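Each remark here refers to the structure printed beneath this line.
The values are calculated or read from the model by the stated rules, or taken from the named source; none is laboratory data. Computed from a predicted structure; not experimentally measured. With ideal geometry, Cβ positions are generated from the backbone for all residues, glycine too; neighbour counts draw on all protein chains shown.
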Amino acid sequence: MTILSRRSLLKASALLGASGAAGLLAGGSGLAGALKPQAEPTVLKARPLDFDLTGKGQTRGMMTYGEGPMPPVLRARQGEAFAARLLNGLDEPTTVHWHGVRVPNGMDGVPLLSQPYVYPGDHFDYAFTPPDAGTFWYHPHCNTLEQMGRGLAGMLVVEGKDDPSFDADLPLLLRDWRLGGNGQFIEAFKARDAAKSGTYGTFRTANWRKEPELSAPAGGLVRLRLLAADVTRIYTLKLDGATAQVIALDGNPVPNRFPLDTLMLGPGQRLDLALLMPESEGAVVTLTDIRGSQPKVIATLKATGASLKRALPDLGVLTANPVPDFDAGAASNLDMQLSATAESAPKQSICGTLGYTFWSINNVAWSGDTDPTAPLAELKQGRSYRVRIANPTPHAHPIHLHGMNFVVLSSNMRPVQPFVTDTWLMLPDEKVELGLVADNPGDWVFHCHIIEHQKSGMTTYLRVV
Ligand SMILES: [Cu+2]
């Protein structure tokens, strides 16, 4: 299908109404959510919000999903139908992308590439059956810097049938806000920073609270689900006062569990920790971000009650997700270079533009959220590809693929496990090889998840046919 005819189809679909378009597009992918048993949809209303985030009075012009204030932690079950109806209560178009979930293309939430814009007052029905268990999230893919920057990001936990049992399951959404001293939003970015590592927030939160104190049973096993939902910040996490092991990265169980030493977590990434709470009531565990010049406390966990006397070895294994096996012997190479580009102005876009182009993939700068030119590559459905990515820039880039997972094969800079992931944090001067099985048909964006980089050129897409 050419882009032109696809666009025409999308425009025609938009006239049918959002839910009609969803069915049409999902049907076209061959993985039609519409043909599966329907789940009762969770209503997800995107809406403006004024809320006292800082404790110093209301921050105006925030955005959230649902009753709020914070977007709800959605729960789904692996292999069972899930549905959510997005109602757009904002005064601008939006969509929802289900980050890390291997959905049919029509459910992926990228305007023009996979679905129509959802205009103010309109709705869109998302329906899919999550194939994988783990920690995922949802956020817009339209005017993303503003919409995510103002609050639109929530967690999605997909429970597996054989998940080991924990004494507590604590999702923790980490993010910053760009607020001035009066607690009101300031400019979402600075161009000179967008051309470097990105523009940092000024007010840090976990679950929309500054340094929240959570509680968990003393001597209990806690599954701490961490999401780096910030538009810019990379975290280097450290835990004091408890032993913990990394059990999953980006929704997928890690091949070998390891301690949380100084693992970096880039925007878009998730990290599941199995944490053993201290035995004595009142003892405090502290999660700190040690990246940057000043360590910053993210959250604390206080032990409550009599000790449950559990131990980390009590935990069963997490079952691997049914991601297809990469076939190294039959794989073709696919090379990508992340680079800076000559500064230029991108085209106008319904989903907003920063007004700058700073970045590119294979020397092509994406000209906006909504004006794809051609796919970077056309992949054959079911075939394996060795994606070789080089980052010759002096900045880190968490590079994210929609619709499919890849397995980390090698890095020129650090030892890696064969992690299965949707987002890999490319370090400066790093070269990695990722194994991809192109098993999900459709057009899938591949972009840096530092949103200023994404929105100023570092985006492309792969077509699987
Ligand atoms: Cu980047």
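Per-residue answers, yes or no, for (1) part of a loop (DSSP other than H, G, I, E, B); (2) under 30 Å from residue 159 (Cβ atoms); (3) in contact with a helix residue (DSSP H, G or I) (Cβ under 8 Å, 6 or more places away or on another chain):
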residue: 288; (1), (2), (3): no, yes, no
residue: 292; (1), (2), (3): yes, no, no
residue: 334; (1), (2), (3): no, no, no
residue: 349; (1), (2), (3): yes, no, no
residue: 374; (1), (2), (3): yes, no, yes
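Among the residues of the stretch 168-189, those identified as in contact (Cβ under 8 Å) with a residue 24 or more places away in the chain and of a type in the set (A, V, I, L, M) are 168, 170, 172, 173, 174, 179, 188. In this structure, residue 357 qualifies as surrounded by 12 or more Cβ atoms within 10 Å (Cβ to Cβ), among the hydroxyl-bearing types (Ser, Thr, Tyr) and closer than 25 Å to residue 176 by Cβ.
Restricted to strands (runs of 3 or more DSSP E) entirely inside the stretch 168-221, those with at least 3 residues that are more than 22 Å from the chain's Cα centre (by Cα) and more than 21 Å from residue 147 (Cα to Cα) are 213-217.
Quick one: count up the residues across the stretch 422-437 that are under 17 Å from the mean Cα position of the chain (by Cα) and away from the ligand (no atom under 16 Å from the Cβ). Residues in the stretch 422-437 being under 17 Å from the mean Cα position of the chain (by Cα) and away from the ligand (no atom under 16 Å from the Cβ): 0 in total. In the stretch 418-427, the condition of being more than 17 Å from residue 251 (Cα to Cα), acidic (Asp, Glu) and surrounded by 19 or more Cβ atoms within 10 Å (Cβ to Cβ) is met by no residue. Listed conditions (1) out of contact with any Ser or Thr (no Cβ under 6 Å at 6 or more places or on another chain); (2) of a type in the set (Gly, Ala, Ser); (3) surrounded by fewer than 22 Cβ atoms within 10 Å (Cβ to Cβ) are all met by residue 76, apart from (3).
Looking across 404, 458, one residue alone is surrounded by 24 or more Cβ atoms within 10 Å (Cβ to Cβ), touching a strand residue (DSSP E or B) at 6+ places or on another chain (Cβ under 7 Å), hydrophobic (A, V, I, L, M, F, W, C) and closer than 19 Å to residue 97 by Cα. It is 458. Only residues that are in contact with a helix residue (DSSP H, G or I) (Cβ under 8 Å, 6 or more places away or on another chain) and farther than 17 Å from residue 423 by Cβ were counted across the stretch 384-398, and they come to 2. Applying the criterion of being over 17 Å from residue 111 (Cα atoms) and charged (D, E, K, R) to the residues of the stretch 438-456, the residue that is farthest from the ligand (Cβ to nearest atom) is 439.
Residue 377: within 16 Å of the ligand (Cβ to nearest atom) and closer than 30 Å to residue 353 by Cβ, yes or no? For residue 377, the condition - within 16 Å of the ligand (Cβ to nearest atom) and closer than 30 Å to residue 353 by Cβ - is not met.
Set side by side, the residues 231, 246 differ, and just one is surrounded by 18 or more Cβ atoms within 10 Å (Cβ to Cβ) and touching a helix residue (DSSP H, G or I) at 6+ places or on another chain (Cβ under 9 Å), which is 231.
On the basis of being surrounded by fewer than 21 Cβ atoms within 10 Å (Cβ to Cβ) and free of Cβ contacts under 8 Å to residues at least 60 places away in the same chain, does residue 121 make the cut? It is true that residue 121 is surrounded by fewer than 21 Cβ atoms within 10 Å (Cβ to Cβ) and free of Cβ contacts under 8 Å to residues at least 60 places away in the same chain. Per this entry, residue 417 is counted among residues that are away from the ligand (no atom under 16 Å from the Cβ) and outside the structural domain of residue 112 (by TED's automatic domain parsing). Starting from the stretch 441-465, take each residue that is outside the structural domain of residue 103 (by TED's automatic domain parsing) and at positive phi and list its partners that are of a type in the set (Gly, Ala, Ser) and within 13 Å of the ligand (Cβ to nearest atom), counting only C-beta distances under 6 angstrom and pairs at least six apart or across chains. Pairs that qualify, where the first residue is outside the structural domain of residue 103 (by TED's automatic domain parsing) and at positive phi and the partner is of a type in the set (Gly, Ala, Ser) and within 13 Å of the ligand (Cβ to nearest atom), are 457/360; 457/365.
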